[in-house]
Amino acid sequence: MGFYSEHDDEMEDILYSVKCERIRQEELKKHGEFEFTCADAAMPLATKLAVLVEEVGEVARALCDDESVDRLRDELVQVAAVSVAWIQALDKQEC
């Protein structure tokens, strides 16, 4: 029972970009650039919110500064990756 949309490949590319950004975030943490990522239960909720809002602010800046579509896409991928990280932390708490 397969449902295929002409947009599936496009969505897979987008989700792959988000996955790569999540991996990059964890690598930065591993190398001491970050103490936590939003995937860490130890990171306070208020800090997670601040990180997410900061990333949304980068989207706004890209729009206001009339940045390239590639730059805007990069910032939106970061918003999605931070959101995914936060969801990962929530899912760990449910276990």
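Summary of computed values
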| read-out | value |
| --- | --- |
| Filter pass, Cys64 being over 19 Å from Met11 (Cα atoms), at pLDDT below 95 and exposed (fewer than 10 other Cβ atoms within 10 Å of the Cβ) | no |
| Extreme residue, nearest to Leu52 (Cα to Cα), among residues of the stretch 10-24 that are aliphatic (A, V, I, L, M) and in contact (Cβ under 8 Å) with a residue 60 or more places away in the chain | Val18 |
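Every residue, every condition in (1) out of contact with any strand residue (DSSP E or B) (no Cβ under 8 Å at 6 or more places or on another chain); (2) among the acidic types (Asp, Glu); (3) surrounded by 15 or more Cβ atoms within 10 Å (Cβ to Cβ), yes or no:
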{"residue": "Glu12", "(1), (2), (3)": "yes, yes, no"}
{"residue": "Arg22", "(1), (2), (3)": "yes, no, yes"}
{"residue": "Gln25", "(1), (2), (3)": "yes, no, yes"}
{"residue": "Gly32", "(1), (2), (3)": "yes, no, no"}
{"residue": "Glu35", "(1), (2), (3)": "yes, yes, no"}
{"residue": "Leu45", "(1), (2), (3)": "yes, no, no"}
{"residue": "Val51", "(1), (2), (3)": "yes, no, yes"}
{"residue": "Leu72", "(1), (2), (3)": "yes, no, yes"}
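The values are calculated or read from the model by the stated rules, or taken from the named source; none is laboratory data. Source: prediction; values computed, not measured. As a convention, Cβ positions derive from the backbone with ideal geometry for all residues, glycine included, and neighbour counts pool all protein chains shown.
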